[in-house]
Amino acid sequence: MRAILLGAPGSGKGTHAEDIKAHYNCAHISTGDMLRANLKDKTELGKKAEIYMDSGALVPDELIIGMIEERLAESDCKIGFLLDGFPRTIPQAEALDELLGKMKCPLDCVFLFDVDNEVVVNRLTNRRTCGNCGKITNMLYHNGESCDDCGGPLQHRDDDKEDVIRKRLAVYHTQTEPLIEWYEKKKMLKRFDGTRDREDIFNEIKVMFTE
Ligand code: AMP
């Protein structure tokens, strides 16, 4: 499968990507995770991206497009890939079209997960990531400060604080939402109510791909 996962921050893209990846055996490419790894390793890209990420703004297109181009050239993408958090602007979508054209790898579809702003704020202010294994935990359904899977420390992302979340949502609505119409016109968009159960959404995706 070659697909884009589109939706606001906190709409569940990463969660659905886990299910799709496990079933369809494709590479999960999260630009947010890649940027955070660059930040942690203090790479040149990480240093350039940090100021934008801290404030909830988008990292400039040219930095992101270069990073994605290198990633899509890796061998694990040959069997398929899920783009999570990319593209986020029309110029990124144009660059992706061009890149996939050159690679002769057309996209299968774009999954959109619709979720209201207040649901996102509630989800993200309660979201913690394990500093050891990366598992996501929702504190509304969890006691204590350690990961259920590995016992690692649960951490709250700096950009998951309410003021930054609201900025990220505003950026999504102005800069990323135009992609909905862009992919609708190409007849590639599959829309989901992102508040539905994870299992129901995944079952629908599986049905879609056996049609
Ligand atoms: P995410 O984990 O996808 O919410 O991304 C975290 C942050 O990384 C975003 O708020 C942006 O600052 C940056 N980022 C991730 N993906 C992109 C992208 N495709 N274009 C620009 N900035 C991005």
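The values are calculated or read from the model by the stated rules, or taken from the named source; none is laboratory data. Keep in mind that what you see is a predicted model, and the values were worked out from it rather than measured. Cβ atoms come from the backbone with ideal geometry, glycine included; neighbour counts cover every protein chain shown. What goes into the accessible areas is simple: the full protein's heavy atoms, side chains included, and nothing from ligands, DNA or RNA. Shrake-Rupley method; radii C 1.70, N 1.55, O 1.52, S 1.80 Å.
Out of Val120, Val115, report the one residue that is within 13 Å of the ligand (Cβ to nearest atom), under 18 Å from Ser30 (Cβ atoms), crowded, with 18+ Cβ neighbours inside 10 Å and under 15 Å from the mean Cα position of the chain (by Cα). Selected residue: Val120, the only one of Val120, Val115 that is within 13 Å of the ligand (Cβ to nearest atom), under 18 Å from Ser30 (Cβ atoms), crowded, with 18+ Cβ neighbours inside 10 Å and under 15 Å from the mean Cα position of the chain (by Cα). Please find, within the stretch 18-35, the residue that is most open to solvent (accessible area, probe 1.4 Å) out of those that are touching a strand residue (DSSP E or B) at 6+ places or on another chain (Cβ under 9 Å) and more than 22 Å from Met67 (Cα to Cα). That would be Tyr24. Hey, among the residues in the stretch 36-55 that are not acidic (Asp, Glu) and not in a helix (DSSP H, G or I), which one's least open to solvent (accessible area, probe 1.4 Å)? Among those that are not acidic (Asp, Glu) and not in a helix (DSSP H, G or I), it is Thr43.
Residues considered: Leu154, Leu179, Leu140, Leu169. Of these, the only one that is of a type in the set (A, V, I, L, M), open to solvent by 70 Å² or more (accessible area, probe 1.4 Å) and not in a loop (DSSP other than H, G, I, E, B) is Leu140.
All conditions in (1) at pLDDT 90 or above; (2) touching a Leu at 6+ places or on another chain (Cβ under 8 Å); (3) within 16 Å of the ligand (Cβ to nearest atom) hold for Gln155, with the sole exception of (2).
Scanning the stretch 10-35 for residues that are closer than 12 Å to Leu82 by Cα, within 11 Å of the ligand (Cβ to nearest atom) and not in a helix (DSSP H, G or I) yields Ile29, Ser30. With respect to being within 18 Å of Thr15 (Cα to Cα) and without any contact (Cβ under 8 Å) to a residue 24 or more places away in the chain, Asn143 falls outside the description. Here is a list: Asp108, Asp76. Which entry is more than 15 Å from the chain's Cα centre (by Cα), more than 15 Å from the ligand (Cβ to nearest atom), modelled with pLDDT under 95 and closer than 20 Å to Trp182 by Cβ? Testing whether each residue is more than 15 Å from the chain's Cα centre (by Cα), more than 15 Å from the ligand (Cβ to nearest atom), modelled with pLDDT under 95 and closer than 20 Å to Trp182 by Cβ leaves just Asp108.
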